[in-house]
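The structure follows.
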């Protein structure tokens, strides 16, 4: 669908005509065709908005940040962790870490209550290609010393996916 909105509309109109011409068993109204078209466009847009590790992060730019959790967002498509690191002289550097999806994190043993504002943690990860204080999380050391992997399935060092039973 590269013809823009007008081209896409023409494509879906033709698709609906083809479906209607397939016989008595499949009858699609314009409303159904419109709904199908909207669903297809929305799912295509969502898929294109989703990115891979390699598109945004540099696996050769490893970072380790020890600091204080300021926010933990357990949201789709990926969870986010925000950490303040206090440097020499007391300067605060704000970092944001993109984690895997809540479903993926849960499969690795995470709970959305594992990180709380004020927790002291260490995050090892891979810096964004744009050089900002944003990274893809890898290994996260939680309060108490427990270590959990927080990245994507494509993040270097990711454990193999657990089989679904």
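Given the Cα-Cα distance of residue 68 and residue 92 and 0.36 nm per residue of separation, how much length would full extension add, in nm? Mind showing how you got there, number by number?
On the way: separation 24, 0.36 × 24 = 8.64 nm, distance 1.02 nm.
Extra length from residue 68 to residue 92 when fully extended: 7.6 nm.
What FRET efficiency comes out for residue 112 versus residue 61 if R0 is 25 angstrom and r is the Cβ-Cβ distance? Round to the nearest 0.05. Don't skip to the answer; put the middle values down first.
Details: r = 28 Å, r/R0 = 1.13.
Plugging the Cβ-Cβ distance into 1/(1 + (r/R0)^6) gives 0.30.
Moving to a separate point now. Where a ≥ b ≥ c are the square roots of the eigenvalues of the C-alpha gyration tensor, would you call the range 65-165 rounded, which needs a/c under 1.5, or, failing that, prolate if a/b is larger than b/c, or oblate?
Cα axes put the range 65-165 in the prolate bin.
Further question: Determine, for 132, 66, the number of other Cβ atoms within 10 Å of each Cβ, and report the residues in order from fewest to most.
Numbers: 132 10, 66 13.
The fewest-first ordering by Cβ neighbours comes to 132, 66.
Taking the mean number of other Cβ atoms within 10 Å as a proxy for protection, how do you rank 116-123, 75-82 from highest to lowest?
On the way: 116-123: 14.1, 75-82: 16.6.
Most protected by this proxy first, the peptides run 75-82, 116-123.
Multiply the residue separation of residue 148 and residue 75 by 0.36 nm, subtract the distance between their alpha-carbon atoms, and state the gained length in nm to one decimal.
24.5 nm
Would you mind ranking 92, 140 by Cβ crowding within 10 Å, fewest neighbours first? Don't skip to the answer; put the middle values down first.
Values: 92 11, 140 23.
Lowest count first: 92, 140.
Read the figures in this text as sums done on the coordinates, not as results from a lab. Source: prediction; values computed, not measured. Cβ sites come from the backbone with ideal geometry, for glycine too, and all protein chains shown count toward neighbours.
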